[in-house]
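Undergrad: The structure follows.
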Amino acid sequence: MSRADEIFVANMKEIMTEGVWDTDLPVRPRWSDGTPAHTVKKFGIVNRYDLSKEFPILTVRRTALKTAIDELLWIWQKKSNNVHDLHSKIWDQWADENGSIGKAYGYQLGIKHHYKEGDFDQVDRVIYDLKNNPSSRRIMTNIYNFADLHEMNLYPCAYSMTFNVSGDRLNGILNQRSNDMLTANNWNVAQYAVLLIMLAQVSGFKAGELVHVIADAHIYDRHIPIVEEIIKMPMYPAPKLEVDPDIKNFYDFTVDSFKLVDYKCNDKKYTIPVAE
């Protein structure tokens, strides 16, 4: 069975049985009918995924990996903040009339900063350090820019990555301030596992461990029945992720550079409301 399934089911059970409800608090999110979207949450969940053993994707529920990778490339490769550069509708509700989500996500990664070695944006600095100074303990990105928050249509949820080379393996820590566990948990895990694999390949390392740190891991009230159904589904072995081995430049990866092999999973389609 998939290790990602085991972690996800354990997280969900822990949140539902031991979590704290915010029903007595005023909350920002609303459902489409205007009703406050309340949650039950656990603070400070930390999950570890060894990418050398298996690719961390759920089988108790299908994760649309191609769409997830497309969003990852939109942020990390295109460094875009415009939904017209994205091949899905997942960001449309936060976009303005021009398609912009404000100074968020890819916009922040694309800002150039001056270093003694030259001018780099955050992504290119990571790649430079992995190739030229892999022992550094300063290889990281952060898109939670307080100066620009008022110009972001949605504050970043997954806001920082810290990279660390240990021997021949590239490891990473994904920090997330908030995680809608049903809608986005495995989506984010699979995305940043792919990112770690991409960066490892272009910098000459093997993908090691992805550590996912979630400050506020929550389940929305209207998601509870769906979660209760999903966690009872059969678990299958993790599929294998095949990556085009010829790609040595980070900016040459496309959605088609990745292929899941033997992905057996629960294919039921769920209608999952998203709070705004």
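Undergrad: Please find, within the stretch 235-276, the residue that is farthest from His218 (Cα to Cα) out of those that are more than 20 Å from the chain's Cα centre (by Cα), surrounded by fewer than 16 Cβ atoms within 10 Å (Cβ to Cβ) and of a type in the set (A, V, I, L, M).
TA: Filtering the stretch 235-276 for residues that are more than 20 Å from the chain's Cα centre (by Cα), surrounded by fewer than 16 Cβ atoms within 10 Å (Cβ to Cβ) and of a type in the set (A, V, I, L, M), the one farthest from His218 (Cα to Cα) comes out as Ile247.
Undergrad: Is it the case that some residue within the stretch 159-169 is open to solvent by 70 Å² or more (accessible area, probe 1.4 Å), in a loop (DSSP other than H, G, I, E, B), at pLDDT 95 or above and under 17 Å from Tyr251 (Cβ atoms)?
TA: No, every residue in the stretch 159-169 fails to be open to solvent by 70 Å² or more (accessible area, probe 1.4 Å), in a loop (DSSP other than H, G, I, E, B), at pLDDT 95 or above and under 17 Å from Tyr251 (Cβ atoms).
Undergrad: Would you say Asp129 is surrounded by 17 or more Cβ atoms within 10 Å (Cβ to Cβ), acidic (Asp, Glu), in contact with a helix residue (DSSP H, G or I) (Cβ under 6 Å, 6 or more places away or on another chain) and at pLDDT 95 or above?
TA: no
Undergrad: For Glu228, all conditions in the list (1) under 21 Å from Ala68 (Cα atoms); (2) open to solvent by 80 Å² or more (accessible area, probe 1.4 Å); (3) not hydrophobic (A, V, I, L, M, F, W, C) hold save one; what is the number of the exception?
TA: Here Glu228 meets the rest and fails (1).
Undergrad: Scan the stretch 113-126 for residues that are open to solvent by 20 Å² or more (accessible area, probe 1.4 Å) and not in a strand (DSSP E or B) and jot them down.
TA: Within the stretch 113-126, Lys116, Glu117, Gln122, Asp124, Arg125 meet the criteria.
Undergrad: Restricting to the stretch 53-65, what's the tally of residues that are open to solvent by 60 Å² or more (accessible area, probe 1.4 Å) and in contact (Cβ under 8 Å) with a residue 60 or more places away in the chain?
TA: 1
Undergrad: Still on this model: Taking the residues in the stretch 25-51 that are charged (D, E, K, R) and farther than 21 Å from Pro225 by Cα as candidates, determine which candidate is most open to solvent (accessible area, probe 1.4 Å).
TA: Arg28
Undergrad: Do the conditions hold for Ser80, that is, is it closer than 25 Å to Asn249 by Cβ, touching a helix residue (DSSP H, G or I) at 6+ places or on another chain (Cβ under 8 Å) and either modelled with pLDDT under 95 or not aromatic (Phe, Trp, Tyr) (or both)? Explain how you work it out, then say what you get.
TA: Working: closer than 25 Å to Asn249 by Cβ: yes; touching a helix residue (DSSP H, G or I) at 6+ places or on another chain (Cβ under 8 Å): yes; either modelled with pLDDT under 95 or not aromatic (Phe, Trp, Tyr) (or both): yes.
Answer is yes for this residue.
Undergrad: Return the total of residues in the stretch 229-276 being of a type outside the set (S, T, N, Q), closer than 30 Å to Arg28 by Cα and assigned to a loop (DSSP other than H, G, I, E, B).
TA: Of the residues in the stretch 229-276, 8 are of a type outside the set (S, T, N, Q), closer than 30 Å to Arg28 by Cα and assigned to a loop (DSSP other than H, G, I, E, B).
Undergrad: If we scan the stretch 87-107, do we find a residue that is at pLDDT 95 or above and assigned to a strand (DSSP E or B)?
TA: For the stretch 87-107, residues at pLDDT 95 or above and assigned to a strand (DSSP E or B): present.
Undergrad: Does Met140 fit the bill of being farther than 30 Å from Gly34 by Cβ and open to solvent by less than 10 Å² (accessible area, probe 1.4 Å)?
TA: No: the conditions fail for Met140.
Undergrad: May I ask you to say which residue of Ala10, Ala68, Ala4 is among the small types (Gly, Ala, Ser), under 24 Å from Ala190 (Cβ atoms) and without any contact (Cβ under 8 Å) to a residue 24 or more places away in the chain?
TA: Of the residues listed, the single one that is among the small types (Gly, Ala, Ser), under 24 Å from Ala190 (Cβ atoms) and without any contact (Cβ under 8 Å) to a residue 24 or more places away in the chain is Ala10.
Undergrad: Looking at the stretch 4-24, which of its residues are buried (at least 19 other Cβ atoms within 10 Å of the Cβ) and touching a strand residue (DSSP E or B) at 6+ places or on another chain (Cβ under 8 Å)?
TA: Ala4, Ile7, Asn11, Met12, Ile15
Undergrad: Criterion first (modelled with pLDDT of 95 or more, within 20 Å of Leu72 (Cβ to Cβ) and assigned to a loop (DSSP other than H, G, I, E, B)) does Pro134 satisfy it?
TA: no
Undergrad: Also, I was wondering about something else. Report, by residue number, each residue of the stretch 148-158 that is assigned to a helix (DSSP H, G or I) and open to solvent by 70 Å² or more (accessible area, probe 1.4 Å).
TA: Result: His150, Glu151.
The values are calculated or read from the model by the stated rules, or taken from the named source; none is laboratory data. No experiment lies behind these values; they were computed from the predicted model shown. Positions of Cβ are backbone-derived with ideal geometry, glycine not excepted, and every protein chain shown enters the neighbour counts. Protein only, heavy atoms only, side chains kept; ligands, DNA and RNA dropped before computing areas. Shrake-Rupley method; radii C 1.70, N 1.55, O 1.52, S 1.80 Å.
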